[in-house]
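Visitor: Attaching a single structure in structure tokens format; questions to follow.
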Amino acid sequence: MVMAIRIHETGGPEAMRWEEVAVGAPGKGEVRLRHTAVGLNFIDTYFRTGLYPAPAMPLTLGMEAAGVVEAVGRGVKGLKPGDRVAYAGAPLGAYAEERLYPAAGLVKLPRAIGDEQAASMMLKGMTAGYLIREVYRVKKGDTILVHAAAGGVGLILCQWAKHIGATVIGTVGTEAKAKLARAHGCRHVILYAKENFVERVKQITRGRGVPVVYDAVGKATFPGSLDCLQRRGLFVTFGNASGPLPPVPPMMLTQKGSLYMTRPTLNDFTATRADLEKLSGALFSVVKKGAVKIEVNQRYALKDAAKAHRDLEGRRTTGSTVLVP
């Protein structure tokens, strides 16, 4: 008997059900996995609420996990039963004790990376990686702004950017999160509930602004984020923790300094096997050398995923969280 967290309709955490599911034998190109740890991400709440449309109902939530290969389907090469693997991205279905997953989307875990560590960093860590390596290539000497600096992606991104040689300005909501952000790469921390983050960024940068803003907060930090940018700066919106952005008139970007704006997603940066191996390899490298520390700050039983969602949405979590089957 395999158990999973599923929704039959969109809604609040109460829509999530712990129920039995059928998991068959792997088909061509597939692997059957036994999960050992499952990652919790804000994007999971977007699918639960309907902000992001579900591919089908009932839906098993979750986009990130680590586990052990139980069986492989026809045509699968390079993987065998007993291998430790991890993944991040579509197809959804990580909130389950076992599942089928395309072999092409799996990466083997190095011995130095634990299962809970992997499950809490694959989606968030590879997201941080493409944001600072691909969307805008952060360079030594850059000063960048990161909203939600004490969040899952934020803590990884700030450490990685500091390792590159950038000066990181981070925004947070509480003193406790400010302390956490400082310990993970932020040179300057702004409590947005007490300070005007636009004024503080201009003060820190002596009026120049920053070349890039990484924003996972959404509605609450827009359009102030645009006002923090240098002329021809890049606004990167990659989350909606406070709600989705309103429509953005192109003339607003013109009026604020010929700005650029993008809304990237991990799937487009891991679309090929080469992209996936490059991005996951870069993440494993900075973690193994200690430049980026992955800390699991919260653990919940997988069957208690609804409580995990309530805590996540209530801003009662920091850094990475795992659900344990």
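Visitor: Mind checking which residues of the range 110-128 are farther than 15 Å from LEU279 by Cβ and buried (at least 19 other Cβ atoms within 10 Å of the Cβ)?
Guide: Correct list: ASP115, GLU116, GLN117, ALA119, SER120.
Visitor: Being at pLDDT below 95 and more than 17 Å from THR49 (Cα to Cα) is the filter here; which residues of the range 225-249 pass it?
Guide: Answer for the range 225-249, where residues must be at pLDDT below 95 and more than 17 Å from THR49 (Cα to Cα): PHE238, PRO246, PRO247, VAL248, PRO249.
Visitor: Follow-up question, since we're still on this one. Determine whether the range 48-61 contains at least one residue that is over 24 Å from LYS307 (Cβ atoms) and under 17 Å from the mean Cα position of the chain (by Cα).
Guide: Checked against the condition, which is being over 24 Å from LYS307 (Cβ atoms) and under 17 Å from the mean Cα position of the chain (by Cα), the range 48-61 yields no hits at all.
Visitor: Filtering the range 240-275 down to residues that are surrounded by 15 or more Cβ atoms within 10 Å (Cβ to Cβ) and closer than 21 Å to ASP44 by Cα, which residue is farthest from the chain's Cα centre (by Cα)?
Guide: It comes out as LEU245.
Visitor: So is VAL31 of a type outside the set (Ser, Thr, Tyr), over 21 Å from ALA119 (Cβ atoms) and in contact with a helix residue (DSSP H, G or I) (Cβ under 6 Å, 6 or more places away or on another chain) or not?
Guide: For VAL31, the condition - of a type outside the set (Ser, Thr, Tyr), over 21 Å from ALA119 (Cβ atoms) and in contact with a helix residue (DSSP H, G or I) (Cβ under 6 Å, 6 or more places away or on another chain) - is not met.
Visitor: In the range 189-212, which residues are at negative phi and over 24 Å from the mean Cα position of the chain (by Cα)?
Guide: Once the filter is applied, which keeps residues that are at negative phi and over 24 Å from the mean Cα position of the chain (by Cα), the range 189-212 yields LYS194, GLU195, ASN196, VAL198, GLU199, ARG200, VAL201, LYS202, GLN203, ILE204, THR205, ARG208.
Visitor: Could you list, in sequence order, the residues of the range 86-109 that are part of a loop (DSSP other than H, G, I, E, B) and in contact with a strand residue (DSSP E or B) (Cβ under 9 Å, 6 or more places away or on another chain)?
Guide: Listed by number, the residues that qualify are GLY89, PRO91, LEU92, GLY93, ALA94, TYR95, GLU97, LEU106, LEU109.
Visitor: In the list TYR260, TYR300, which residue meets the criterion of being at pLDDT 95 or above, among the aromatic types (Phe, Trp, Tyr) and assigned by TED's automatic domain parsing to the domain that holds ILE156?
Guide: When all the criteria are applied, what remains is TYR260.
The values are calculated or read from the model by the stated rules, or taken from the named source; none is laboratory data. Predicted, not measured: the structure shown is a model, and the values here were computed from it. Virtual Cβ from ideal backbone geometry, glycine too; neighbours counted across all protein chains shown.
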